[in-house]
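Novice: Pasting in a structure now, in structure tokens, and then I'll have a few things to ask.
Each reported figure results from applying straightforward, stated rules to the coordinates on display, with no laboratory input. Everything numeric in this text was worked out from a predicted model, so none of it was measured. Ideal geometry is used to build each Cβ from the backbone, glycine not excepted, and the neighbour counts take in all protein chains shown.
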There are 2 protein chains.
Amino acid sequence: MAHTNDEILQVFESALSRLQTPEEPELLYAPIIYSMSGGGKRLRPVLLLLTVDAFGGSVDRAMPAAMAVELFHNFTLLHDDIMDNAAMRRGKPSVYAKWGGNVAILSGDAMLITAYKYLADADADKLPRVMQLFNNMALEVCEGQQYDMDFEQKEEVSVEDYIQMIERKTSALLSGSALIGATLAGASEDDNRKIYRFATELGLAFQLQDDMLDSYGDEALGKKIGGDILEGKQTYLMVQALNRANAEEREALRTTHLRKELTDAEKIATVKALYDKLDVKHAAEQQIELRFERALSVLDTLSIAGERTLHLAEFARNLMGRKR
Amino acid sequence: MAHTNDEILQVFESALSRLQTPEEPELLYAPIIYSMSGGGKRLRPVLLLLTVDAFGGSVDRAMPAAMAVELFHNFTLLHDDIMDNAAMRRGKPSVYAKWGGNVAILSGDAMLITAYKYLADADADKLPRVMQLFNNMALEVCEGQQYDMDFEQKEEVSVEDYIQMIERKTSALLSGSALIGATLAGASEDDNRKIYRFATELGLAFQLQDDMLDSYGDEALGKKIGGDILEGKQTYLMVQALNRANAEEREALRTTHLRKELTDAEKIATVKALYDKLDVKHAAEQQIELRFERALSVLDTLSIAGERTLHLAEFARNLMGRKR
């Protein structure tokens, strides 16, 4: 019987708790331990290990690759926080805020190298292919971050460009993790393609939902509403709204967050009123459903479809916060 | 007959000229091409390939690893320039100065990943070991950079601590390159240890000479004198001088570069007068000779000693700017 999501998470957390770095130089290594023990849902290693398990591979032997993707993910957050000037991360000061930019740059570099240190312990006969998948994934994530920064300076971002950006920035790390898992378990080329597709679509659904919750989330659940709006960020809602707006509405969408005479609440209300008028919430919900359904239906086409893919479907539902 | 230094450099430059990255996103990839085409002596890939050649391995098959160490070296310069706030690199604006900090961070990350992309093409049967050597080398370089930054804040740095810092910051990349070369060529464990020692000692001699030339170089040869003194940097001369100084001299060594009433030339003259009084130039010269002689004598103990190591000795002499 394959392992449940909770069991896999437990095995991974236990391996993670044994993560060790040298003690010195402290400013290089302490931020790595600080970042990795800062919580987080461990989505990428869990997906990697669930995939290994579903295809009948060894969860234990896949642990170095699982550590590598989690280290890589946290490395990207560490460097992103410098670029975004972000003071907080998971309710604690970011490495950047706590230790400064130079420490954040260099300890981030050491963290990326440490990810490869773990990856080097993957099964030797599969290492060349796993390295290739990992490197492609890692470059895609960098590309996504660059496009995201590019979009901040751009007047016009098409919906297609936006989807391609989040496919790199968010999906690539999930689809790469699933693909590395399938590769380690020796899955067929056909299954590899399909599991990659599953995680790509799921990642898109997840990011689009995240975009939507920023404007339409439940404040009762502790979700702070409107952060993206106040930052003037390009999100699916904003891109789609700009796409549908007339000249006057477009101007309002672009400039409301800059209007100093408005309170934050007024800015958010103004932009959300435009979102409602342009019916973009509905468009986002449709996209999310479409992507999520595609992800789940790909699972049914895997050669192992049935009991072995139940936990992958569970992972998908958990990620989206759904019961079924 | 083994290849000369010039032949190896030519083969490497030819491979390097075929370096390709995706076109988009431009701000991610253009800085990589800009950095890699900015010149430099290609010391590390040349040493790697000379070592492969000396041990009878295939220079062609070692090319991906040679590209990887050169990419890694240039990645470290790119990120160091952010940390050091350096506007120029090899006579051109640094990536940091040209494109800003965020582009420098992210394109540097992509450059490090690109190094691993090349490394993944190393001979598959040697890849796990080559990855391990590369990762250890890369972490040592980060450690060296962190210690170097730590030393700027420290009152007391011992000569031993200083040597250990430059062993990481400068030697590690040379010794790692030589060791990867020997490993790819299938050299014995004993030869591996010795070639590592050769490059370590050579790297120390090189860095100590670089430290000395900052104060005692030949301005006629275009060397700008006293940069380290004006920055108040810890160098071998400074560390050794502080070590030998009385309380009054120590105070002068520590504070001269901060004295606003002095011109740059006066600051340099004041510190150099103390160096002369404390006889640290002589101490540095002795260390350089000692390390350089050790490096050369290790070559004679290799199992391939003789004609096959001539080009490695030539590399060592070239590096130190010596005819013999």
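Novice: What percentage of all Cα-Cα pairs in region A:1-120 are separated by more than 17 Å?
Specialist: Percentage above 17 Å: 55.
Novice: Same structure again: Please arrange A:MET111, A:MET63 by counting, for each residue, the other beta carbons lying within 10 Å of its beta carbon, fewest first.
Specialist: Listing A:MET111, A:MET63 from fewest to most nearby Cβ atoms yields A:MET63, A:MET111.
Novice: Of the listed pairs A:LYS267/A:LYS323; A:LYS194/B:LYS117; A:LYS233/A:LYS260, which have alpha-carbon separations greater than 27 Å here?
Specialist: As for pairs spanning more than 27 Å Cα to Cα, those are A:LYS267/A:LYS323.
Novice: Could I have the simple spin-label model distance between A:ASN85 and B:LYS233, label points 7 Å from Cα toward Cβ, reported in nm to one decimal?
Specialist: Distance between label points: 3.1 nm.
Novice: How compact is region A:185-229 by the rule of thumb for globular proteins, expressed as Cα Rg over 2.2 N^0.38 Å?
Specialist: 1.73
Novice: Between region A:279-301 and region B:238-280, what is the separation of their alpha carbon centroids in Å?
Specialist: Between the Cα centres of region A:279-301 and region B:238-280 lies a distance of 70 Å.
Novice: Suppose every Lys and Arg Cβ carries +1 and every Asp and Glu Cβ carries -1, with no other charges. What dipole size does region B:1-82 come out with about its Cα centre, to the nearest 20 debye?
Specialist: 260
Novice: Same structure again: Roughly how many whole Å is it from the C-alpha centroid of region B:100-122 to that of region A:101-122?
Specialist: What the calculation gives is 12 Å, centre to centre.
Novice: Jot down the radius of gyration and Dmax of the protein assembly as shown, Cα atoms only, both in angstrom.
Specialist: Spelled out, the Cα radius of gyration and Dmax of the protein assembly as shown are 27.5, 83 Å.
Novice: Right, another one. With only alpha-carbon pairs counted, each pair once and no self-pairs, how large is the Kirkwood hydrodynamic radius of region B:106-151 in angstroms?
Specialist: 11.9
Novice: Additional query: For helix A:310-319, report the angle its Cα long axis makes with the longest principal axis of the Cα atoms of chain A; keep it between 0 and 90° and round to the nearest 10°.
Specialist: Approximately 30 degrees, to the nearest 10.
Novice: While we're on this one: On a 0 to 90 degree scale, rounded to 10, what angle separates helix A:172-184 from the longest Cα axis of chain A?
Specialist: 20
Novice: Moving on to the next point. If you average 1/r across every pair of different Cα atoms in region B:5-319 and take the reciprocal, what Kirkwood value do you get, in Å?
Specialist: Hydrodynamic radius (Kirkwood, Cα only) of region B:5-319 equals 20.7 Å.
Novice: Can you sort B:GLU189, B:GLU26 by how many other beta carbons sit within 10 Å, fewest first?
Specialist: Lowest count first: B:GLU189, B:GLU26.
Novice: To the nearest 20 debye, what is the magnitude of the charge dipole of chain A about its Cα centre, counting +1 on the Cβ of each Lys and Arg and -1 on the Cβ of each Asp and Glu?
Specialist: 440
Novice: To make sure I understand, if each residue's beta carbon is the centre and we count other beta carbons within 10 Å, what order do A:LYS272, A:LYS260, A:LYS98 fall in, fewest to most?
Specialist: The fewest-first ordering by Cβ neighbours comes to A:LYS260, A:LYS98, A:LYS272.
Novice: Calculate for chain B the 222 nm mean residue ellipticity that helices alone would give, adding -39,500 (n - 2.57) per DSSP H run of length 4 or more and normalising by residue count, nearest 500 deg cm²/dmol.
Specialist: Only helices count here, giving -22000 deg cm²/dmol.
Novice: So, one more: Could you work out how far the C-alpha centroid of region B:2-43 sits from that of region B:62-87, in angstrom?
Specialist: 11
Novice: Additional query: As a test of understanding, state the convex hull volume per residue of region B:28-67 from its alpha carbons, in Å³.
Specialist: Roughly 66 Å³ of hull volume per residue.
Novice: What FRET efficiency comes out for the pair A:SER303/B:GLU7, r = Cβ-Cβ distance, R0 = 60 Å, nearest 0.05?
Specialist: Result of the calculation: an efficiency of 0.70.
Novice: OK, next. With unit charges on the beta carbons (Lys and Arg positive, Asp and Glu negative) and the dipole taken about the Cα centre of region A:5-319, which residue among A:LEU19, A:VAL239, A:ALA54 sits farthest to the positive side?
Specialist: Positive-end residue among those listed: A:LEU19.
Novice: Another question about this same structure. Comparing B:ALA284, B:ALA252, B:ALA182, which has the greatest mean-square fluctuation in the GNM of chain B with Cα pairs linked when under 10 Å apart?
Specialist: In the Gaussian network model the winner is B:ALA252.
Novice: Give me the angle, in degrees from 0 to 90, between the Cα long axis of helix B:26-36 and the longest principal axis of the Cα atoms of chain B, rounded to the nearest 10.
Specialist: Tilt relative to chain B: about 80 degrees.
Novice: Over chain A, what is the mean sequence separation of C-alpha contacts under 8 Å (at least six apart), divided by residue count, expressed as relative contact order in percent?
Specialist: Over chain A, the number comes to 19 percent.
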